[in-house]
Amino acid sequence: MSRRIATIGFFDGVHLGHRFLIGQVLDIAQKNGAESLIVTMYPHPRAIVQPGFQPQLLTTLDEKLNLLKKTRISKVEVLQFDKEMSRLSARDFMEQILHEKLGIDCLVMGYDHRFGHGGGTMEQYREWGKELGIEVLQMEAFSGEYVSSSAIRKLLLQGNVEKAAKLLGRPYELCGNVVDGYKVGRTIGFPTANLCPEKGKLIPAPGVYAVWVILPNGDRYKGMLNIGNRPTLDNGDGISIEAHLLHFKGDLYNQPLRLLFGNRVRDEHRFGSLEELQLQLRQDAVSAELLLG
């Protein structure tokens, strides 16, 4: 039976730090003629151990799996995380899940990663691994700028989509279906597609952004996106996500869209009239066109 070289984590965002670790797993597997494996979990562990916790995810499960599969890893295993699993000590998790269920004989861990109820030290993981026949290897830290899912979330909640993209290694993305809106934009020359994003996905800070909009057929359009509560119109509660596609004519209702964040254009403002808002939107459209190149 071929050896199984694995790493484990939630891997939200599949950012540069994650890919650095996965790259080392691939190197070790290739040198040993072994199968490479990523072990992740769903739902977010904190949602199980901390009832009421609402995760703000950088990637949905489907997005994460698609990104992980693009790393050339042999297999991705998704564990259904539940209360029973949350109670397993690190040693029991290694024995019952990694060893008995998944047949892992080499575990590659990030330099600061811990797992299991109560966690453990690297020395303990290695000691338990020897007892179970699992070689435990600790990888060095990512040599570039410090990267973590938490740091990326913080950047997005500040509206810094450019810096978040650098740490992710790609633009941040929102997906969702186009739903009915208030239809005010079309009366001032800027019809918008109102996006209903997937549940649990982090929404960047309110403001106006230059974005790429990907249609279901793969066509790509430059666009400007407003995230906010429409202070000038004052016509609804809650956050809206409204994209205006530049140089596009057509009906997008009930269609799924992908939004790729390019640059932040400005903060959200309250304007004195629809005419002032219309003038600003014209300037925003020029800015978005230039920023997206």
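The values are calculated or read from the model by the stated rules, or taken from the named source; none is laboratory data. Every value quoted in this text rests on a predicted model; they were computed, and no experiment measured them. Ideal geometry is used to build each Cβ from the backbone, glycine not excepted, and the neighbour counts take in all protein chains shown.
Return the pairs, sorted by first residue and then second, in which the second residue is of a type in the set (S, T, N, Q), the first residue lies in segment 1-21 and is part of a strand (DSSP E or B), the beta carbons are less than 7 Å apart, and the residues are 6+ apart or on different chains.
That search, which allows pairs on different chains as well, returns ILE5/ASN32; ILE5/SER36.
Output the residue which, of all residues in segment 48-91 that are closer than 17 Å to GLY116 by Cβ and basic (Lys, Arg), is farthest from the chain's Cα centre (by Cα).
My answer is ARG91.
For segment 236-279, which positions are at pLDDT below 95, in contact with a Phe, Trp or Tyr (Cβ under 8 Å, 6 or more places away or on another chain) and over 19 Å from GLY181 (Cβ atoms)?
Hit for segment 236-279 is HIS247, nothing else.
Just checking, how many residues over segment 190-211 are in a strand (DSSP E or B) and within 17 Å of the chain's Cα centre (by Cα)?
4
What residue, among those in segment 269-284 that are part of a loop (DSSP other than H, G, I, E, B) and not basic (Lys, Arg), is surrounded by the most Cβ atoms within 10 Å (Cβ to Cβ)?
Checked segment 269-284; the qualifying residue surrounded by the most Cβ atoms within 10 Å (Cβ to Cβ) is PHE271.
Test of understanding: among GLY110, GLY103, GLY116, which residue is on the phi > 0 side of the Ramachandran plot and surrounded by 17 or more Cβ atoms within 10 Å (Cβ to Cβ)?
GLY116
Take ASN263 and tell me if it is touching a Leu at 6+ places or on another chain (Cβ under 6 Å) and polar (S, T, N, Q).
For ASN263, the condition - touching a Leu at 6+ places or on another chain (Cβ under 6 Å) and polar (S, T, N, Q) - is met.
Of all residues in segment 77-104, which are farther than 24 Å from LYS64 by Cα and either of a type in the set (A, V, I, L, M) or in contact with a helix residue (DSSP H, G or I) (Cβ under 8 Å, 6 or more places away or on another chain) (or both)?
Those that are farther than 24 Å from LYS64 by Cα and either of a type in the set (A, V, I, L, M) or in contact with a helix residue (DSSP H, G or I) (Cβ under 8 Å, 6 or more places away or on another chain) (or both): LEU88, ALA90, ARG91, GLU95, HIS99.
List, please: which pairs have Cβ atoms under 6 Å, are six or more places apart or on different chains, and start with a residue in segment 267-293 that is among the polar types (S, T, N, Q) and end with one that is surrounded by 16 or more Cβ atoms within 10 Å (Cβ to Cβ) and not in a helix (DSSP H, G or I)?
SER287/VAL265
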